[in-house]
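Notes follow the structure.
Read the figures in this text as sums done on the coordinates, not as results from a lab. Given the structure is predicted, the values throughout are model-derived calculations rather than measurements.
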Amino acid sequence: MAYTASATTTAGRDGHVESSDGVLKLNLAPPGAHKPAATNPEQLFAAGYSACFGSAIMAVAGAGKIKPEAVHVTAEVTLNVNGGDYSLSIVLKPMIDGVDRETATALVHKAHEVCPYSKATRNNVPVKIELQ
C-alpha cells in the first residue's frame, strides 16, 4: 500500500499551508519572526520525523516481541545559515520506557535503518541520535 500526502503553500515561509484534505491549515512565518499562531517548515519537519521515528521504534520492538511501556521522540531540526547557503541538521532524542539501555540502543539503531525519514535524510542531512 502506498500513501501520498499533498499540501499547498501560498507565499512561502511567510504564508499559509493547507493539506489537500483540509485537515492541516497553518499560517507560516520564518523562524524567529514571532508571528502569533504561526509555525515554520522546520517545526513541521521535526513533528513528522519524531512521529515517524517513534513508529519505527514501536514496529521494530513489536517484530522482536519487545513491549516498551512508552516511546517518546524529540526531533530537533536546525536550519543552518552560512551566508546565502542554507542546510538542515537533525538531532533525534528517543526515550524508550520499560526496557534496559542495551535493548533501547538496539531498537533505536534498527529504527534508524527502517524509518522513511531516516532513509530520506541518509547521506544528505546530518542526523545525530542521543538516546535519553
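A compact table of results
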| read-out | value |
| --- | --- |
| Angle between the chain longest axis and helix 101-114 axis [Cα atoms, degrees, rounded to 10] | 50 |
| Flagged links, alpha-carbon separation over 28 Å, of 25/128; 35/119; 25/67; 35/128; 67/119 | 25/128; 35/119; 25/67; 35/128 |
| Angle in degrees between helix 41-63 and the longest Cα principal axis of the chain, rounded to the nearest 10 | 20 |
| Among (1) 11, 35, 32, 17, 3; (2) 14, 45, 33, 8, 0; (3) 15, 49, 33, 4, the entry derived from the coordinates for P(r) over Cα pairs in 10 Å bins from 0, in percent | (1) |
